Number of protein chains: 2
Amino acid sequence: MENKFKNIDGGICAAKGFKASGTYCGIKKPNVDNYNPNIKHKNDICLYVSDVLCNAAAVYTQNKVKGAPIIVTKANLEKSDNKAIAVIANSKNANTCNADGEEKADKMCQLVADELNIPKEQVIVASTGVIGQILPIEPIEKAVPILVKELDYGKNLEAATAIMTTDTVKKEYAVEFEINGITCHLGGMAKGSGMIHPNMATTLNFITTDCAISGELLQRALSDIVKITYNCLSIDGDTSTNDMVCLMANGLADNEEITCEGDEYEIFKSALYEVMANLTRMLAKDGEGASKLLECKCIGASNQDTAITVAKSVICSSLFKAAMFGEDANWGRVLCAIGYADAEFDINKVDVDLRSSKGTVAVYRNGSGIEFSEKEASKVLSSDEIYIDINLNDGDADATAWGCDLTYDYVKINGDYRT
Amino acid sequence: MENKFKNIDGGICAAKGFKASGTYCGIKKPNVDNYNPNIKHKNDICLYVSDVLCNAAAVYTQNKVKGAPIIVTKANLEKSDNKAIAVIANSKNANTCNADGEEKADKMCQLVADELNIPKEQVIVASTGVIGQILPIEPIEKAVPILVKELDYGKNLEAATAIMTTDTVKKEYAVEFEINGITCHLGGMAKGSGMIHPNMATTLNFITTDCAISGELLQRALSDIVKITYNCLSIDGDTSTNDMVCLMANGLADNEEITCEGDEYEIFKSALYEVMANLTRMLAKDGEGASKLLECKCIGASNQDTAITVAKSVICSSLFKAAMFGEDANWGRVLCAIGYADAEFDINKVDVDLRSSKGTVAVYRNGSGIEFSEKEASKVLSSDEIYIDINLNDGDADATAWGCDLTYDYVKINGDYRT
């Protein structure tokens with residue numbers, strides 16, 4: 001992925017005026033008396049807060065089964081006219097499919113609101129973890145005052161690790177960009193999508209910026225960029241009940257607020273793409289049991305939807321994913337997946353290359369496979385980041401989709417690890 | 001699955017007037033001089049022929065990449081006004097993505113036509129096997145006269161084994177039924193969907209009947225039944241380039257031809273469902289690396305499309321498939337898959353049970369999980385045939401989908417075995 005912007009540290013605290021904190025409160029333990037804040041466990045709850053009220057935008061899971069935090073957050077943002085100050089998120093328990101789920105999610109917002117002395121509807125709540133287990137509220141009641149006390153402009157990492165479930169690495173990315181000579185920052189954190197426990201409700205994305213931008217454009221930008229980043233990610237085709245992307249803009253960069261589409265809006269969108277695409281890529285690379293990142297770029301499409309459909313079709317093919325695990329250059333599986341993509345194009349004009357840092361192998365031209373060296377192909381596919389380049393030769397639109405290979409570990413993680 | 005009709009032997013030869021034969025011709029061998037019809041190998045080519053001209057109906061893969069035999073068969077049936085006498089099919093080579101593919105497929109029809117002295121367009125051709133390898137025509141030229149010579153009313157098994165690639169069992173099913181007091185027969189054979197070699201173009205279904213039925217109703221019945229049987233089968237979500245279902249009716253049962261919808265047509269459709277549903281079930285059970293058959297029945301739907309969408313969504317979920325391999329009763333994954341099914345229903349009215357010959361476990365009622373005994377659930381899921389019963393409590397429509405668990409062997413078969 002080319003870097004258009006300066007990559008900076010700081011994750012959700014890269015933007016001015018965002019403090020974060022994270023702690024271990026013991027959600028995982030059924031017996032909450034085990035909770036001892038002085039013993040340092042892996043964090044399971046975090047908070048981040050803007051110094052001033054933010055415009056907030058969000059995109060939620062399309063699953064009909066929605067986690068209670070999704071329902072409560074949506075209701076809050078409706079009441080607050082899409083303004084928010086604080087986000088509280090926990091891991092280890094998704095608070096989904098529970099009779100008292102909404103009550104508990106609402107309580108989490110109330111606890112934060114009381115402690116920060118802000119309206120409850122300006123608090124966003126998210127949970128990730130096991131579905132169908134009652135969320136213990138007592139450890140959260142004890143944790144919120146600690147989280148508020150420990151809030152700091154440099155504690156993004158405390159938050160980024162608190163949302164991890166079985167992620168093997170924390171996922172943060174941030175960039176610096178300029179709007180009319182004013183330096184702005186945009187950064188985020190994500191979690192997903194390892195699921196050792198059954199029913200993990202998987203992916204969360206939290207993004208902050210100090211760029212001043214209207215609430216309407218913030219939501220438009222987020223919806224547009226989600227479509228070509230997070231929605232082009234597939235680990236196994238399942239859509240979680242708790243998936244959420246949340247973007248907050250506090251305007252503390254002091255640029256003139258972006259209120260209409262134009263050059264400034266495009267720069268903002270590019271910065272958002274940069275951060276979300278990199279987070280998406282990290283999620284793919286850390287996919288369940290993954291040994292290889294797969295990145296499929298479809299160019300030469302007549303329109304962007306076609307490019308997205310084709311690239312996703314390849315990334316979602318179990319057969320192709322298993323072949324990549326086996327480092328097997330069977331282009332037939334790429335072609336098969338392109339062929340059943342629900343989009344209009346001429347299959348006889350398609351070009352396909354397989355590429356990595358170790359070289360490129362052209363495998364398909366003009367409706368037929370072409371001769372290639374198996375030795376060269378094996379070398380290319382031995383890399384842990386594989387690029388599938390598709391040219392439909394039918395226009396100027398393009399799109400990228402991200403995924404990972406299908407491995408023994410995927411089956412092991414999802415089949416064997418119940419207890 | 002309840003049996004409405006008498007199950008009989010005979011596969012594609014169960015219907016009166018259908019002869020079959022199968023042989024090994026050496027398609028797999030690059031050196032055709034190895035071919036020796038006296039050495040008994042596993043068959044790789046078969047022929048079946050009706051004593052009289054048949055009405056023929058077919059359903060083809062929706063993949064944009066279509067095997068050459070699909071293109072040639074489609075063209076032949078258009079030219080012959082959907083009449084056919086003979087079907088020739090080979091395994092080991094899909095004759096797909098080859099520059100000379102259509103020429104070779106056409107040649108196969110010509111060879112049969114010449115030998116049987118019938119018009120070429122009354123011959124249906126199908127190939128299954130590796131994509132992108134040139135089909136050697138010489139072994140087929142030598143085999144066709146042998147196939148014709150060996151045609152026999154009892155050689156359905158010779159044909160059913162000839163279309164196997166890495167299938168672990170042959171797949172045949174046939175029934176007897178009555179139309180106005182006249183006994184009719186309908187039977188078939190199928191192959192799929194083990195794919196040890198890369199790029200196998202997978203599933204073929206061949207069905208014959210002696211029932212007299214108009215060509216238009218034959219196609220209508222086939223299209224309707226394919227929708228609720230074969231199209232409700234998923235091993236891994238990939239749609240092959242060579243998939244085809246072909247149904248031929250020769251009328252030799254001597255019933256009055258069925259020419260309009262009504263009781264007789266419904267009986268015929270039920271018989272067709274019985275055969276195709278059983279073949280579909282066999283395909284699912286023999287899915288790549290499968291250790292368990294999964295059968296998901298969705299009842300109480302407002303319409304059939306909703307029932308199909310919900311049942312298929314569960315069967316296609318990699319997470320659920322892996323959980324079944326691990327014999328893990330995580331209903332959260334069933335709910336998650338129901339939730340992202342693209343259909344309209346109230347998720348809070350849904351009931352879910354997991355069932356096998358060893359018992360039934362109710363896991364979900366009214367929008368929440370319910371307590372169940374893990375021990376009882378483990379016992380139920382230890383069976384090799386698992387039923388997922390979903391009631392949407394929203395109407396009278398139902399549908400069934402078939403699949404299999406996701407296992408280490410699936411990954412091994414599709415990742416490791418490139419020679």
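The values are calculated or read from the model by the stated rules, or taken from the named source; none is laboratory data. Keep in mind the model is a prediction, meaning the values are calculated, not measured. Note that each Cβ is placed from the backbone with ideal geometry, even for glycine, and that neighbours are counted across all protein chains shown. Side chains are part of the model used for accessible areas, which takes the heavy atoms of the whole protein and leaves out ligands, DNA and RNA. Shrake-Rupley method; radii C 1.70, N 1.55, O 1.52, S 1.80 Å.
The listed residues A:Ile118, A:Ile45 rank as A:Ile118, A:Ile45 when sorted by accessible area, largest first, using a 1.4 Å probe.
Couplings 3J(HN,Hα) of the stretch A:151-167, computed from phi: 3, 7, 5, x, 9, 4, 5, 4, 6, 4, 7, 6, 8, 5, 9, 10, 3 Hz, in residue order, whole Hz [Karplus 6.51 cos²θ - 1.76 cosθ + 1.60, θ = phi - 60°; x for Gly and Pro].
The relative contact order of chain A, computed from alpha carbon pairs under 8 Å that lie at least 6 residues apart in sequence, is 18 percent.
Working from the alpha-carbon coordinates of the stretch A:335-417, get Rg over Rh, Rh being the Kirkwood radius.
Numbers: Rg = 15.4 Å, Rh = 14.8 Å.
Computed over Cα atoms, the ratio is 1.04.
If a/c stays under 1.5 just call it rounded; otherwise compare a/b with b/c (prolate if a/b is bigger, oblate if not). Do that for the stretch B:129-174, with a ≥ b ≥ c from the square roots of the Cα gyration tensor eigenvalues. Taking the square roots of the gyration eigenvalues as a ≥ b ≥ c, the stretch B:129-174 is oblate.
In terms of packing, defined here as the mean over residues of other Cβ atoms within 10 angstrom, the peptides A:383-393, B:365-375, A:210-220 line up highest first as A:210-220, A:383-393, B:365-375.
Mind grabbing the accessible area of A:Phe325 for me, 1.4 Å probe, Å², rounded to tens? Estimated to the nearest 10 Å², A:Phe325 gives 50 Å². Close amide H pairs (under 5 Å, H built 1.01 Å from N) link A:Lys6 with A:Glu176, residues at least 5 positions away or on another chain.
From the alpha carbon centroid of the stretch A:342-360 to that of the stretch A:158-173 is 34 Å.
Amide H contacts for A:Lys171 (H built 1.01 Å from N in the peptide plane; partners 5 or more residues away or on another chain; cut-off under 5 Å): A:Ala190. Taken about its Cα centre, the stretch A:284-357 carries a charge dipole of about 140 debye when Lys and Arg each add +1 at the Cβ and Asp and Glu each add -1 at the Cβ. For chain A, modelled as a Gaussian network with Cα springs under 10 Å, which listed residue fluctuates most, A:Gly132, A:Gly251, A:Gly289? For chain A, modelled as a Gaussian network with Cα springs under 10 Å, the answer is A:Gly132. Shown is the FRET efficiency for A:Glu216 and A:Asp100, computed with R0 = 25 Å from the Cβ-Cβ distance and rounded to the nearest 0.05: 0.10. The reciprocal of the average 1/r between distinct C-alpha atoms defines the Kirkwood hydrodynamic radius, which for the stretch B:203-354 equals 17.3 Å. Coupling constants for the stretch B:136-150 follow from the phi torsions by the Karplus curve (6.51 cos²θ - 1.76 cosθ + 1.60, θ = phi - 60°), and in residue order they are x, 8, 4, x, 6, 4, 6, 7, 4, x, 5, 4, 5, 4, 8 Hz; glycine and proline get x.
Considering only B:Leu47, B:Gly415, A:Ala284, the residue lying farthest towards the positive end of the dipole of the protein assembly as shown is B:Gly415, judged by Cα position with unit charges set on Cβ. Which angle between 0 and 90 degrees, to the nearest 10, do you get for helix B:304-316 versus the longest principal axis of chain B when only C-alpha atoms count? Once rounded, the angle reads 90 degrees. Restricting the calculation to Cα atoms, every distinct pair contributes to the Kirkwood radius of the stretch B:259-339, found to be 14.7 Å.
Here B:Lys4 is the anchor, and the aspartates and glutamates within straight C-alpha reach of less than 18 Å, apart from those fewer than 8 places off in the same chain, are B:Glu172, B:Glu176, B:Glu178, B:Asp263, B:Glu264, B:Glu266, B:Glu274, B:Asp398. If you run the Gaussian network model on chain A, springs between alpha carbon atoms under 10 Å, then out of A:Val363, A:Val123, A:Val87 the most flexible one is A:Val363. Straight-line reach from B:Lys170: taking Cα to Cα under 15 Å and skipping same-chain neighbours fewer than 8 places apart, the aspartates and glutamates in range are B:Asp9, B:Asp44, B:Glu158, B:Asp286, B:Glu288. Computed over the protein assembly as shown, the P(r) curve from all C-alpha pair distances, binned at 20 Å from the origin, holds 15, 43, 30, 11, 1 percent per bin.
Backbone geometry of the stretch A:384-401 corresponds, through the Karplus equation with coefficients 6.51, -1.76 and 1.60 at θ = phi - 60°, to 3J(HN,Hα) couplings of 9, 9, 10, 10, 10, 9, 10, 10, 7, 6, 9, x, 10, 7, 9, 6, 10, 10 Hz, x marking Gly and Pro.
Within the P(r) computed for the stretch A:266-419, what percentage of the Cα pairs occupies the region above 21 Å?
Values: 5343 of 11781 pairs.
Here the long-distance tail beyond 21 Å is 45 percent of all Cα pairs in the stretch A:266-419.
Computed over chain A with a Gaussian network model linking Cα atoms closer than 10 Å, the most mobile of A:Cys13, A:Cys97, A:Cys109 is A:Cys97.
Report the extension gain between B:Lys142 and B:Glu385 in nm, rounded to one decimal, defined as 0.36 nm multiplied by the number of residues separating them, less their alpha carbon distance. Working shown, then result.
Details: separation 243, 0.36 × 243 = 87.48 nm, distance 4.34 nm.
Difference between extended and current length: 83.1 nm.
Counted residue by residue at 0.36 nm each, then reduced by the alpha carbon distance between them, the extension gain from A:Asn393 to A:Asp263 reaches 43.9 nm. Pairs from the table (B:Lys83/B:Lys149; A:Lys227/A:Lys297; B:Lys155/B:Lys269; A:Lys16/A:Lys269; A:Lys297/A:Lys349) lying more than 21 angstrom apart at Cα are B:Lys83/B:Lys149; B:Lys155/B:Lys269. To the nearest ten degrees, helix A:263-285 and the longest principal axis of the Cα atoms of chain A are 80 degrees apart. When the surface is traced with a 1.4 Å probe over the full set of protein chains, B:Asp51 keeps roughly 80 Å² accessible. Evaluated with a Cβ-only charge set (Lys, Arg +1; Asp, Glu -1), the protein assembly as shown carries a dipole of roughly 2000 debye about its Cα centre, given to the nearest 20. The H on the amide N of B:Asn255, modeled in the peptide plane, is under 5 Å from the matching H of B:Ala212, each at least 5 residues off or on a different chain.
The stretch between A:Leu53 and A:Ile370 holds 108.3 nm of extra length on full extension. This uses 0.36 nm per residue minus the Cα-Cα distance. Distances between copies of A:Lys6, taken at a point 7 Å out from Cα along the Cα→Cβ vector and listed shortest first: 8.6 nm. For B:Lys79, go through the aspartates and glutamates and keep the ones whose alpha-carbon is under 14 Å away, minus same-chain ones fewer than eight residues off. By straight Cα distance, B:Lys79 reaches B:Asp106, B:Glu121. On C-alpha positions alone, give me the angle between the axis of helix B:215-228 and the longest principal axis of chain B, in degrees, nearest 10. Approximately 40 degrees, to the nearest ten. Summary of the geometry: the stretch B:225-281 and the stretch A:219-233, compared by the centres of their Cα atoms, lie 42 Å apart.
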